[in-house]
Amino acid sequence: MKEVKNIITIDGPSGVGKGTLAFSLAEKLGWNVLDSGLIYRLTGYLSLKEKLNSPEDIIFHLNHSKIKLLTNLKEKICEIEIDEVVLGNELRNEVVATKASEIAKVPEIRNAIIKIQRNAYDAKSGLIADGRDMGTVIFPEAILKVFLQASPEVRAERRANQLKEKGMDVIMHDLLKLIEQRDKDDMNRKVSPLKPAQDSILIDTSELSIKEVEEKVMENYKKL
Ligand code: DC
């Protein structure tokens, strides 16, 4: 029989509401949150900041750094500590996201961070795992797999609001183009492309509030 773990995976494109849903479910269930995109963003950030141009250099840097995933349930954000420096907001901009998506195409990079992601699971507390390949590759044994969808326009609007809240300037047209390009790259890459796991539930969040999305997930969870 297939082993099942107390993990809910939430996959989907950028700006679809994965992070918000992850934290509201975590609060409800008392589970931990893994924001796997943040680890890819860290590779993007390091490659830009430290001018690491090859996958080998990035992997070497990751393997020789002390990396800790931090979940701040109160503030509803994940952060990463690398060699005692905590990175959060530095990773949440579109330049880093675009670089992250580019680096995420490299199989060696994906393999190098599988362990960091799987180590985020602790059977005692349960895990909500947010990303692109959580249900298909990283946690196929999750008890429930959710795939969120929404139109690119709705997602760009949501992402714009998030960026504006952080005081960043946003040009809607450029943001929409960036999001569409990133989706295309994430869906069409050869390794671990963005796609729903066969056994996932699909939810279109375009017309739904976060409460309604949460209710749909909880209904499915209670039925298990
Ligand atoms: O979820 P996010 O927007 O922070 O992710 C940034 C990029 O990282 C995303 O465009 C593709 C990559 N990513 C990935 O390839 N696999 C994941 N599980 C999460 C993110």
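Quick notes
- For region 88-224, relative contact order (Cα pairs under 8 Å, six or more residues apart, normalised by length) works out to 32 percent.
- Mean silhouette area of region 154-224, derived from the convex hull of its C-alpha atoms and averaged over all directions, reads 6.5 nm².
- Sequence-distant aspartates and glutamates (8 or more away, or on other chains) whose Cα lies within less than 18 Å of residue 222: 27, 141, 199, 212, 214
- Summed over qualifying helices (DSSP H, 4 residues or more, each -39500 (n - 2.57)) and divided by its residue number, the chain shows a 222 nm mean residue ellipticity of -14000 deg cm²/dmol.
- Heavy-atom SASA rank of 115, 105, 124 (probe 1.4 Å, accessible area, largest first): 124, 115, 105
- Each Cα pair under 8 Å and six or more residues apart adds its separation to the average, and for region 143-223 the resulting relative contact order is 46 percent.
- Take each peptide in 168-179, 150-161, count the other Cβ atoms within 10 Å of every residue, and average; sorted highest first, the result is 150-161, 168-179.
- Unit Cα scatterers, Debye sum, the chain: log10 I(q)/I(0) for q = 0.10, 0.16 Å⁻¹: -0.42, -1.16
- C-alpha center-to-center spacing [region 90-119, region 174-206] in angstrom: 15 Å
- Relative contact order (percent, whole number), region 1-86, Cα cutoff 8 Å, 6+ residue spacing: 22 percent
- Anchor residue 190: lysines whose Cα lies under 21 Å away (excluding residues fewer than 8 positions away in-chain): 99, 105, 115
- Lysine pair count for region 133-188 (Cα-Cα distance under 25 Å; residues 8 or more apart in sequence or on different chains): 4.
The values are calculated or read from the model by the stated rules, or taken from the named source; none is laboratory data. Treat the numbers as computed from the prediction; the structure is a model and nothing was measured. Here the Cβ is made from the backbone with ideal geometry for all residues, glycine too, and neighbour counts use every protein chain on show. Only protein heavy atoms, including side chains, enter the accessible area calculation; ligands, DNA and RNA are left aside. Shrake-Rupley method; radii C 1.70, N 1.55, O 1.52, S 1.80 Å.
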